[in-house]
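> Handing you a structure now.
The values are calculated or read from the model by the stated rules, or taken from the named source; none is laboratory data. Keep in mind that this is a model prediction, so the values were computed, not measured. Positions of Cβ are generated from backbone atoms using ideal geometry, with glycine treated the same way; all protein chains shown enter the neighbour counts. The area values use the complete protein model at the heavy-atom level, side chains included, leaving out ligands, DNA and RNA. Shrake-Rupley method; radii C 1.70, N 1.55, O 1.52, S 1.80 Å.
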Amino acid sequence: MRTMEAYLDNSATTPCDQSVCDIMVKVMMEDYGNPSSLHLKGVQAEKYIKEAKEKIAKTLKVTDKEIVFTSGGTESNNFAIIGSAMANRRAGKHLITTAIEHASVAAPVKFLEEQGFEVTYLSVDREGRISLDELEASVREDTILVSLMQVNNEIGAVEPIEEAAALIKRKNPKTLLHIDAIQSYGKMRLYPKKLQVDMLSVSGHKLHGPKGIGFLYIKDKTKIKPILFGGGQQKGQRSGTENVPAIAGLGVACEEICRDIERNREKLYEVKQAFLQGLERLEGVHVNGRTGEDSAPHIVSVSFEEIAKSEALLHALEERGIYVSAGSACSSNKPAVSATLKAIGIPREWQMATLRFSFSVHTTVEEVDYAVTVLEELLPFLRKYKAH
C-alpha cells in the first residue's frame, strides 16, 4: 500500500502556485478582452501585459521593452537562434554551441547548418562543463552567435557564463551571446547586462507558472528578425494575439520565484544533499556530474548498474508514487541515447539506465528519503530480474 507521494520531476514541469492560478482565472473570467482592442476590455488586458513585463524586467534589472513573450522555452530558443542568425548573416555565418544542448537549441542550430551556416560544437568534460580555452579558440571574426545552456537540464552542470561572455566580447565584441536560462532562472540571480548576455530564454512552467508561456530577453538594439508574422503584436517582434492569462500568471510566478532566491537555493541544496547522502548506502549507483554548490541545486542524474532500461525502474518507482524522468522531458518518451550522457563519457550500459531526479522549493527531505528507501527495495529485485 502506498504510504506517500514524491514528485521528483520538477525539471520537466512544476505545479502552478495558487497565486498564479488566481490571477489567470480572473483574467479568463473577468478581464478577457483582446489586448489589441481599443475599448476598455482591451485596455484592461493590455495592462496585464504591461504589468507582467515590468515584474519580469525588475527581476533581471532590465527594461520592460527588452522582454518579449513567447509560447515557452522552445520558441524563445528558436527565436533567439534563428532570428539573430538571419538578421546578422551578412556579418558572418559561423555559430558556436555545445554538444549537450537541449533539443530546442540543437534542432534550430541544425536547421541553420542546412541553410549554409557553419557550426562549432564545443566539447565538455566529464562533469559537463565547457573548456574556456576551446571556446576562445573557436570565436572568429565571422562568429555571429554563441548559444550556451547555463544549467544543463539532465545532469545539472553549471556553465561558466560570466567568464565565457567576457572572453567572447573581448575577442569579438560583435558576437551575440544567447543563454538558455530555462533551468537556471529563479534558481540563481541573473542580470544579463552584468553578464554581457544579449539574449536569454525562460519558460514559465519550470518555475511554478503556466505551461505554454515563456519570454525572451533581447538586449536593446540587438539585431534580430521575427520568426512569426501576422498582426504585428509586441511591436512586430512576435505576432499573434497575446496569451494574456498565461502572461499575467508568468509575471506573478517570476516575481515570486525571484523574491527570495538565496533562501530557496539553501533549501534546494539541503534536499539535494539529503538525497545524495541516502544514495551512498546503495550499491551500483553512480551520480553524474558535480554535486556541490557549484552544481545546480535542483537536479541529480543517477546511473544504475545492472538495470536493463531506465524505463523499468521509472515505472516501478511510479507504482510507489515516485515520479522522475529518464532524461529530458522533451525526449524521455523516445528511445534515443542521451547526447549529454554520451558527451560526458558515461558507459553505454549506464546511459540506458539513468534517471533524473529534480526538486522544487516544495520538495521535502522526507520525500527524497522515501525515494531512497524505495530504491533500496527495488534495485535488488530489478537486477535479479535482469539476470534471468
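> Using only the alpha-carbon atoms, what does the chain span along each of its principal axes? Please give whole angstrom values in decreasing order.
Each principal axis gives a Cα extent; for the chain these are 66, 54, 34 Å.
> Still on this structure: Quick one: work out Rg over Rh on the C-alpha atoms of the stretch 1-75, Rh as Kirkwood radius. Let's see the in-between values first.
On the way: Rg = 16.8 Å, Rh = 15.2 Å.
When Rh is taken as the Kirkwood radius, the ratio is 1.11.
> Right, something else. Label points 7 Å out from Cα along the Cβ direction at ARG170 and GLU262: separation in nm?
Result: 2.9 nm between the two label points.
> Counting helices only, and only those DSSP H runs with n ≥ 4, report the 222 nm mean residue ellipticity of the chain as the sum of -39,500 (n - 2.57) divided by its residues, in deg cm²/dmol to the nearest 500. The partial results should precede the final answer.
On the way: 13 runs with 157 residues, N = 388.
Rounded to the nearest 500, it is -12500 deg cm²/dmol.
> Hey, another quick one. Please work out the average accessible area per residue across the chain, using the 1.4 Å probe convention, and give it in Å². Don't skip to the answer; put the middle values down first.
Working: 17350 Å² over 388 residues.
Ligands and nucleic acids excluded, the result is 45 Å² per residue.
> Rounded to the nearest 0.05, what FRET efficiency do SER239 and GLU306 give with R0 = 56 Å and r taken as the Cβ-Cβ distance? Could you check?
Working: r = 53 Å, r/R0 = 0.94.
Efficiency computed from Cβ-Cβ geometry: 0.60.
> Length gain on complete extension for the stretch SER131 to GLU162, per 0.36 nm per residue less the alpha carbon to alpha carbon distance? Can you show the working numbers first?
Values: separation 31, 0.36 × 31 = 11.16 nm, distance 1.33 nm.
Full-extension gain reported as 9.8 nm.
> Starting at the first residue of the stretch 249-265, write each ³J(HN,Hα) from the Karplus equation 6.51 cos²θ - 1.76 cosθ + 1.60 with θ = phi - 60°, in whole Hz, x for Gly and Pro.
In residue order, the calculated couplings are x, 5, x, 5, 4, 5, 4, 6, 5, 8, 5, 9, 4, 4, 5, 5, 4 Hz.
> Separation between the ALA107 and MET188 pseudo-spin-labels, each 7 Å from Cα along Cα→Cβ, expressed in nm?
With each label placed 7 Å out from Cα toward Cβ, I get 2.7 nm.
> In addition: Distance in nm between label sites at GLN115 and TYR32, each 7 Å beyond Cα in the beta-carbon direction?
3.9
> Turning to a different aspect of this structure: Report the one residue of PRO226, VAL62, VAL139 whose Cα lies farthest in the direction of the positive end of the charge dipole of the chain (charges on C-beta: Lys and Arg +1, Asp and Glu -1; origin at the Cα centre).
Going by the charge dipole, the pick is PRO226.
> What does the charge dipole of the stretch 68-163 about its Cα centre add up to, to the nearest 20 debye, if the Cβ of each Lys and Arg holds +1 and the Cβ of each Asp and Glu holds -1?
Details: 7 positive and 16 negative charges, 84 e Å.
The calculated dipole for the stretch 68-163 is roughly 400 debye.
> I need the Debye-formula profile for the stretch 217-315: one equal scatterer per C-alpha, no solvent, reported as log10 I(q)/I(0) at q = 0.10 1/Å, two decimals.
-0.59
> If contacts are Cα pairs under 8 angstrom and at least 6 residues apart, what is the relative contact order of the chain in percent? Don't jump to the answer; show the numbers that get you there.
Details: 763 pairs, mean separation 92.7, N = 388.
Over the chain, the number comes to 24 percent.
> Return the carbon/sulfur percentage of the accessible area of the stretch 125-227, one whole number, probe 1.4 Å, all protein chains in place.
On the way: 1850 of 3750 Å².
Of all accessible area on the stretch 125-227, carbon and sulfur atoms account for 49 percent.
> What does the highest-first list of 126-138, 151-163 look like by mean Cβ count within 10 Å?
151-163, 126-138
> Further question: Taking 25 Å as R0, compute the FRET efficiency from the Cβ-Cβ separation of GLN18 and THR364 and round it to 0.05. Intermediate values should be presented prior to the final figure.
Details: r = 18 Å, r/R0 = 0.73.
Once rounded, the FRET efficiency stands at 0.85.
> May I pose another question? Report the FRET efficiency, 1/(1 + (r/R0)^6), for THR373 and ALA99, where r is their Cβ-Cβ distance and R0 is 51 Å, rounded to 0.05.
Working: r = 36 Å, r/R0 = 0.71.
Efficiency at R0 = 51 Å is approximately 0.90.
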